[in-house]
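Asks: Quick one: structure below, then a few questions.
The values are calculated or read from the model by the stated rules, or taken from the named source; none is laboratory data. Note that the coordinates shown come from a computational prediction; the quantities given were computed from them, not determined experimentally. Heads up, the Cβs are rebuilt from the backbone with ideal geometry, glycines too, and the neighbour counts pull from every protein chain shown.
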Amino acid sequence: MAQLEPLQDEFSQSGAQVIYIAAEKRDGMFKPAKFLETHPFSVPFLLDEDRAVTKAYGLYHRIGKDAFNIAHPATLVIDRRGVVQYIYRGDGQTDRAPVEQVLAAVKKLSNGSLNQSQEEK
């Protein structure tokens, strides 16, 4: 989140909207609801308490070395038709999409040059 927050203007200029999703219970271990109250974000933030969104995108991570019942960290660029045009699925909880790749995917989409789903990593 910290990587993308300073780039809100670039995303907006490209016609993109950033949304954060966390596969966490509102009052879970890290108390995300309380954190969001005291640290508001400039974009929508969804707490995916039942993991429905996480599962729908194939990001649910039941058990792993560094995970239990959460999501793989991921970044998706989805076009206006709801088609995923870019996805980066992290291998571990600290593996994040390179910001340059995300910006490039958004700019390609805003220029109309992405026509089919692409998966990059």
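Asks: When you go through (1) modelled with pLDDT of 80 or more; (2) touching a helix residue (DSSP H, G or I) at 6+ places or on another chain (Cβ under 7 Å) one by one for Asp50, which number turns out not to apply?
Replies: Here Asp50 meets the rest and fails (2).
Asks: Here's something else I'd like to know. Identify the residue in region 2-32 that is closer than 21 Å to Lys55 by Cβ and of a type in the set (A, V, I, L, M) and, among all such residues, is surrounded by the fewest Cβ atoms within 10 Å (Cβ to Cβ).
Replies: If we take residues in region 2-32 being closer than 21 Å to Lys55 by Cβ and of a type in the set (A, V, I, L, M), then Met29 is surrounded by the fewest Cβ atoms within 10 Å (Cβ to Cβ).
Asks: Being surrounded by 17 or more Cβ atoms within 10 Å (Cβ to Cβ) and at pLDDT below 90 narrows it down to one residue among His39, His61; which is it? Give the derivation first.
Replies: Details: His39 fails: surrounded by 17 or more Cβ atoms within 10 Å (Cβ to Cβ).
It is His61.
Asks: Within region 64-95, which residues are part of a strand (DSSP E or B) and modelled with pLDDT under 85? Reasoning before the result, please.
Replies: Looking only at region 64-95, we keep the residues that are part of a strand (DSSP E or B), and these are 64, 67-71, 74-78, 84-89.
Those that are part of a strand (DSSP E or B) and modelled with pLDDT under 85: Gly64, Ala67, Phe68, Asn69, Ile70, Ala71.
Asks: Here's a follow-up. Could you please tell me which pairs satisfy a Cβ distance under 6 Å, a separation of 6+ or placement on different chains, a first residue in region 28-54 that is part of a loop (DSSP other than H, G, I, E, B), and a second residue that is of a type in the set (Ser, Thr, Tyr)?
Replies: Listed pairs, sorted by first residue: Asp48/Thr54; Arg51/Tyr60.
Asks: If you don't mind, another one. Filter region 42-56 down to the residues that are farther than 16 Å from Leu76 by Cα and of a type in the set (Asp, Glu), then identify the one that is surrounded by the fewest Cβ atoms within 10 Å (Cβ to Cβ).
Replies: Asp50
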